[in-house]
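Student: For reference, the structure I am asking about is given below.
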Amino acid sequence: MKYKNRNKASFPIWQYLIGIFIVLSVLVFSFFAVLQVSMQPRQSAKEASSRLAKEYADLEKVDSFAIYNGQESYYSLLGKTSKGVEKAILIAKDSNEIRVYRLDQGVSQSKAESIAKENGAGTIDKVTMGYFKDQPIWEVKSGGTYYLIGFESGQLVSKEGL
């Protein structure tokens, strides 16, 4: 009797396809699980900081959230109060000390960018509000260089390159 080799030959191909599908599914699931776990600390810091800013600084709407890592780490929030006043809130990561600044009483974010460009910055990657040497600053990142611009003075406080 003759057996059909066709079934025997096609059987391993289906096994390979099913195996590849399972491996790819596990890899995709693992990628998203790791992504979620890695974003969880930042998300919880954002939620806690937003809650503190709303409670202590009357911030109604948070427009941006960033983490400033200088001599100390700060959670930086920019937003508006219920009266429409734009404020910057800095919350110290370790001590939860809250610093509140009205954005109309200092150098604007765009002005800080132009000051950094005057001092050699190229393309601006990001701008973050922070606190350095007992004063609020705008940290302007351009490539591997950080330009620290005084929020109240509008002067270049420090230029740090990596």
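Since every read-out is calculated from the coordinates, none of them should be taken as a lab result. Because the structure is a prediction, the values reported are computed rather than measured. Here the Cβ is made from the backbone with ideal geometry for all residues, glycine too, and neighbour counts use every protein chain on show.
Student: So, R0 is 30 Å and r is the distance between the beta-carbons of residue 158 and residue 105; what FRET efficiency does that work out to, to 0.05?
Tutor: 0.85
Student: Any idea how far the Cα center of the stretch 78-104 sits from the one of the stretch 109-162, in Å?
Tutor: Each part reduced to its Cα centre gives a spacing of 19 Å.
Student: Rounding to the nearest 10 and keeping the result within 0 to 90°, find how far the Cα-based axis of helix 5-56 lies from the longest principal axis of the chain.
Tutor: 20 degrees
Student: Relative to the longest principal axis of the chain, what angle (0 to 90°, nearest 10) does the C-alpha long axis of helix 109-118 take?
Tutor: In the chain, helix 109-118 runs at an angle near 90 degrees to the longest axis.
Student: Sorting check: for 95-108, 12-25, which peptide has the highest mean count of neighbouring beta carbons within 10 Å, and how do the rest follow? Kindly include the intermediate steps, with their values, before the conclusion.
Tutor: Numbers: 95-108: 14.2, 12-25: 9.8.
Output ranking for 95-108, 12-25: 95-108, 12-25.
Student: Taking only C-alpha pairs under 8 Å that are 6+ residues apart, what is the relative contact order of the stretch 43-162 in percent?
Tutor: The value is 17 percent.
Student: Could you estimate the translational diffusion coefficient of the chain from the Stokes-Einstein equation, with Rh from the Kirkwood formula over C-alpha pairs, at 10 °C and 1.306 mPa s, in whole µm²/s?
Tutor: Numbers: Rh = 19.0 Å.
Roughly 84 µm²/s, to the nearest whole number.
Student: Check which residues have an amide H placed less than 5 Å from residue 93's amide H, if you skip close sequence neighbours.
Tutor: 73, 74, 75
Student: For residue 47 and residue 73, compute 0.36 nm times the residue count separating them, minus their Cα-Cα distance, and round to one decimal in nm.
Tutor: Going from the current span to full extension adds 7.7 nm.
Student: While we're on this one: Please compute the length gained on full extension between residue 13 and residue 64, using 0.36 nm multiplied by the number of residues separating them and subtracting their Cα-Cα distance.
Tutor: The residue 13-residue 64 span can extend by a further 13.2 nm.
Student: Just going by the charge dipole of the chain, with Lys and Arg at +1 and Asp and Glu at -1 on Cβ, which of 128, 154, 101 is farthest out on the positive end?
Tutor: Of the options given, the answer is 128.
Student: Please list 3J(HN,Hα) in residue order for the stretch 65-73, calculated via the Karplus relation 6.51 cos²θ - 1.76 cosθ + 1.60 where θ = phi - 60°; whole Hz, with x for glycine and proline.
Tutor: With the stated coefficients, the stretch 65-73 comes to 9, 8, 10, 9, 10, x, 4, 10, 9 Hz.
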